[in-house]
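Engineer: Take a look at this one; I'll ask things after.
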């Protein structure tokens, strides 16, 4: 499988270890992170490039996933999720890594490199890669709702909306004025 990885300075050492680990497991590793340590570099461009590459490969029928990591993994997950078609999940345990794939068909895992030992994080990543999407209808339905929102902003009807109190987001939400309520 092709694995796209990205980090910033906070995960540079982790990146080197991870590349060796994944290659030893037979994966093709594509590094989108920095080539040298710079304590002032920024993770968004690195992570977005990796996320875009995952979507590009998957669209072309290439089996691919992504791994983004930094100090906490939070910002890296947010950056990756800005790419249409990416479902990035922050994993902090084997269970969260497995459920991200099994229930959410996540195609990118985010890891806090400063939150775990390399061995722990590698275990999460290995489980993420090895776990298939369950394909269960309820999970597929939810993923389709996310894809529809990405495509055209469509949301399922608000069950609380009534004729007297319509769903304020059902219409074009770009006209919604939070100051007006």
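Quick note: the coordinates plus some simple rules give every number you see, no bench work behind them. Since this is a predicted model, take the numbers as computed values, not measurements. Quick reminder, even Gly has a Cβ in these numbers, built from the backbone with ideal geometry, and neighbours come from all protein chains shown.
Engineer: Go ahead and set up a Gaussian network model of the chain, Cα springs under 10 Å, then flag whichever of 146, 18, 155 fluctuates most.
Structural biologist: Judging by the Gaussian network model, the answer is 155.
Engineer: Mind pulling the angle between the C-alpha long axis of helix 12-24 and the longest principal axis of the chain? Nearest 10 degrees, somewhere in 0 to 90.
Structural biologist: The answer is roughly 80 degrees.
Engineer: Given the Cα-Cα distance of residue 94 and residue 74 and 0.36 nm per residue of separation, how much length would full extension add, in nm? Walk me through the intermediate numbers first.
Structural biologist: Working: separation 20, 0.36 × 20 = 7.20 nm, distance 1.73 nm.
My answer for the length gained is 5.5 nm.
Engineer: So, one more: Of 150, 137, how do they rank once you tally other Cβ atoms within 10 Å and put the fewest first? It would help to have the intermediate numbers written out before the result.
Structural biologist: Numbers: 150 13, 137 8.
Least to most surrounded, the residues fall as 137, 150.
Engineer: Can I ask one more? If the elastic network links every pair of Cα atoms under 10 Å, which of 15, 72, 134 fluctuates the most in the Gaussian network model of the chain?
Structural biologist: Of 15, 72, 134, the most mobile in the Gaussian network model is 134.
Engineer: While we're looking at this one, here's another question. If one takes the longest principal axis of the Cα atoms in the chain, at what angle in degrees, from 0 to 90 and to the nearest 10, does the Cα axis of helix 137-152 lie?
Structural biologist: 80
Engineer: Could you work out the Rg to Rh ratio of region 2-130, with Rh taken as the Kirkwood radius (inverse of the mean 1/r over all Cα pairs)? Walk me through the intermediate numbers first.
Structural biologist: Numbers: Rg = 12.8 Å, Rh = 13.9 Å.
Answer for region 2-130: 0.92.
Engineer: Please work out the ratio of the alpha-carbon Rg of region 33-96 to 2.2 N^0.38 Å and round it to two decimals.
Structural biologist: On the way: Rg = 12.3 Å, N = 64, 2.2 N^0.38 = 10.7 Å.
Relative to the rule-of-thumb radius for its length, region 33-96 sits at 1.15.
Engineer: Could you work out the Kirkwood radius for region 80-143, taking every pair of different alpha carbons, averaging 1/r and inverting it, reported in Å? Intermediate results must be reported in sequence, preceding the final value.
Structural biologist: Values: mean 1/r = 0.0839 Å⁻¹.
Its Kirkwood hydrodynamic radius stands at 11.9 Å.
Engineer: If you fit an axis through the alpha-carbon atoms of helix 43-59 and take the longest principal axis of the Cα set of the chain, what angle between them do you get, 0 to 90°, nearest 10?
Structural biologist: Here the helix axis deviates by roughly 80 degrees.
Engineer: How many angstrom lie between the C-alpha centres of region 112-127 and region 68-83?
Structural biologist: 15
Engineer: From Cα pairs below 8 angstrom and at least 6 apart in sequence, can you work out the relative contact order of the chain, rounded to a whole percent? Mind dumping the intermediate values first?
Structural biologist: Values: 306 pairs, mean separation 33.0, N = 181.
Relative contact order for the chain comes out at 18 percent.
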